[in-house]
Amino acid sequence: MCDCIFCKIVAGVIPSMKIYEDDDTLAFMDVAKDVDGHILVIPKKHLKNIFDCKPDTLNSVMQTVQTVSLHLIKNCGYDGVNLLNANDESAGQSVPHFHIHIIPRKDNDEINAWPNFEGANNDINSMFESLKMY
Ligand code: DGP
């Protein structure tokens, strides 16, 4: 087996608290204990991050993200969710198996789930020129 924590969770070698599962994806509690209800959604197949995923995988992962998020809203008393995702070590990815974090939110819960960026260094027009795809 590949030496990946999340592959071991998929295989049942490492226990996890499963929230939802289907043929292609798994949603389980994140062990970080950083915020109430922190959930991860992963593809069962080992793919490092979004750069490696084919459209079918992205589709199935995002469908599970939506299914779990709607469950949080309809059945668990939450009002919204933040979705967080890091791709590559440069972006802060610590587990090299693609995953989306779901952070359940309630009105006025005062959770800071959005980065406090320090401000852009470059003019938006020069950034647009360097980033545009056509
Ligand atoms: P990231 O830094 O975006 O790659 O997030 C990785 C997350 O994985 C982090 O929030 C903690 C979580 N995590 C790491 N090891 C385990 C584990 O063994 N079980 C569970 N449930 N979560 C884990």
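For the reader, a short list of remarks on this structure follows.
- Qualifying residue in region 111-121 (condition: surrounded by 10 or more Cβ atoms within 10 Å (Cβ to Cβ) and either part of a helix (DSSP H, G or I) or hydrophobic (A, V, I, L, M, F, W, C) (or both)): yes
- All positions within region 39-51 that are closer than 16 Å to GLN93 by Cβ and surrounded by 14 or more Cβ atoms within 10 Å (Cβ to Cβ): LEU40, VAL41, ILE42, PRO43, HIS46, LEU47, LYS48, ASN49, ILE50
- Which listed residue, of VAL95, VAL81, is in contact (Cβ under 8 Å) with a residue 12 or more places away in the chain and more than 11 Å from ASN49 (Cβ to Cβ): VAL81
- Condition met for VAL81 (surrounded by 14 or more Cβ atoms within 10 Å (Cβ to Cβ) and either over 24 Å from PHE117 (Cβ atoms) or modelled with pLDDT under 95 (or both)): no
The values are calculated or read from the model by the stated rules, or taken from the named source; none is laboratory data. What you see is a predicted model; the values in this text were computed from it and never measured. Virtual Cβ from ideal backbone geometry, glycine too; neighbours counted across all protein chains shown.
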